[in-house]
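Bear in mind these aren't lab numbers, they're just calculated from the coordinates by the rules spelled out. Computed from a predicted structure; not experimentally measured. Every residue, glycine as well, gets a Cβ built from its backbone with ideal geometry; the counts of neighbours run over all protein chains shown.
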């Protein structure tokens, strides 16, 4: 039988085979990158390295805007712009649900001269723009708001983020919760009793579960 | 600093010591040349140093700009003398092409090679050289002292003055320049006009003549007709490659770049399709031209098969040293290139920045910025200067601001417990704008409804109705 006589090399050459060695190598690579504190000690403690990983893709599942989802990232972004030696890195927001309000961002210490808003006409164009921005190497973070997208595109975004050393954050509705995703971190943000509820669905190198955001 | 520079210069010599002959390829010369300005229409000032002019008069009706390009291989200062002559300042060329006789042979051989009959002369003044060339006098001298003597025998016709003037002079019995130069100048000016006297002064070298240097065509323009019509964009891209290559070469020769390219696709019946791409900075590099053009073509739906393409460059602009990244890290994008690529595909308006404005009305305290400044932000440290913020110590602003405030219904107001005291405390009052008809009188509250979101709402002070204006995301 030809199938049984195939060598290991043939097997590895098959694109469907995922090599664990590569996976661990890329993981080592990303874990050696700096992490950015989320500004919330409860969340930092649950993330490997103690903060948002850079050069990776993070997925936030959220149905309602305004639960403080950006507050999880803005302090880290302001810090990354402030601490940059040399060129101040760019932040790119693609297809945000509303207009990013400049005075609010300035209050939080974001360098507005390095913020780019992109309004693509379609989801495919949005994904393309995100890939370009992530890969460019001039962005600290790329935020992308999407109604939905398939696994294949997410994998491309993840690769682009790793290549460009940027943090990619994808905001999607909660209904994508049960789809597979290559993101190294998946978060679910929902309305809670007193304050928003944050759940880690997937943490590469960590433990999923509910996060206590503490008083904010 | 000094030591570093020296090391760079001697790099080719030190490389063999490391045992690797090919380790240090010679640096590209472009950056050094890039500091040279693009030739502009600047008057040539011949009196700075002794100038020497080569004049050539062509037979028939020559294409002067094309010939001027040939002449520019010998000197940067070429000037057109309509209708059929060129003037070259050759003093500076002697070092490379001299001595004088040889330079002249080289130039004359060039016209001969092109199959054009030409007469030339070299003299220390523009008009002397030109007049000698017209008269067929093969003067070849850089001696200003004997110049006047060499002109005396020239016939008047070589001045190319108008027929009326020449007729006047002929009736006075004047045949040669020598006769004219002997006449009192005041009388001459009265009879022939000041222009003729000025010409004479220039010819004998008493007065310099500023001349405009010839500047080559300011745009690249090329049309390419296809033998078979092209129906797919992918083939168009390939067909464009050689044109873009020539365009890039055209720009490189001029140390120039463009900020826009226009492409016309001609169809058999329909109106031509016109495309225009802009670049975020002046560029002349082929890969960049090709990439942005390809992005633009990528979102084009061909209305019909393409019969021919025409590529027009925008106005040429001098390259700044920054845009040539011959030593730059290659591969990695710059922010410029990213923005450019996004804009080429998504449209100019779809990519923008935001900035704050000094204004108390929240909806007017920001605006979009299309002109993205790509220089490093002025205020390092992240926080913009305080003047740009309405009031930093004011209530925190929400990251999402609704385009229009949303009127809250009675039920929503109840649900948010806006009327009760525990849902609201310490409002920020914004009352302004009464002078321009868009006055506002609002009390803003930051509220947190039960489910955890945080909202920015205001109560219109006159109507007492409630509005949602933003979300603290």
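Per residue of B:461-472, what is the mean number of Cβ atoms on other protein chains within 10 angstrom of that residue's Cβ?
If you average over the peptide's residues, the count of other-chain Cβ atoms is 2.
Find the relative contact order for the stretch B:154-281 and round it to a whole percent, using C-alpha pairs within less than 8 Å whose residues are 6+ positions apart.
Here the relative contact order equals 11 percent.
For the stretch A:103-200, give the share of DSSP beta bridges that are antiparallel, in percent and rounded to the nearest 5; count only bridges with both residues there.
For the stretch A:103-200, the DSSP antiparallel bridge percentage is about 45.
Along each of its three principal axes, how wide is the spread of alpha-carbon positions in the stretch B:48-146, in whole angstrom units, largest first?
That gives 34, 27, 22 Å along the principal axes, largest extent first.
If you rank B:471, B:395, B:172 by fewest surrounding Cβ atoms within 10 Å, what's the result?
B:172, B:395, B:471
Would you work out the relative contact order for the stretch A:132-216, in percent, from Cα pairs under 8 angstrom that are 6 or more residues apart?
It rounds to 23 percent for the stretch A:132-216.
Is there a simple number for the mean count of other chain Cβ atoms within 10 Å of the Cβ of residues in A:78-88, and what is it?
2
When the Debye formula is applied to the Cα atoms of the stretch A:70-184, each taken as the same point scatterer, what base-10 log of I(q)/I(0) results at q = 0.11, 0.23 Å⁻¹?
Calculated log10 I(q)/I(0) at the listed q: -0.34, -1.39.
Could you give the semi-axes, largest first, of the ellipsoid that matches the stretch B:108-170, computed as the square roots of 5 times the alpha carbon gyration tensor eigenvalues and rounded to whole Å?
They are 23, 18, 8 Å, listed largest first.
Under Stokes-Einstein, with the Kirkwood radius over Cα pairs standing in for Rh, what whole-number D in µm²/s applies to the stretch B:154-230 at 25 °C and 0.890 mPa s?
In µm²/s, the coefficient rounds to 155.
On average over all directions, what projected area in square nanometres does the stretch B:138-297 have, based on the convex hull of its Cα atoms?
With every direction weighted equally, the projected area is 16.9 nm².
Ordered by packing density, taken as the mean number of other Cβ atoms within 10 Å over each peptide's residues, highest first, how do A:53-61, B:148-156 rank?
Most protected by this proxy first, the peptides run A:53-61, B:148-156.
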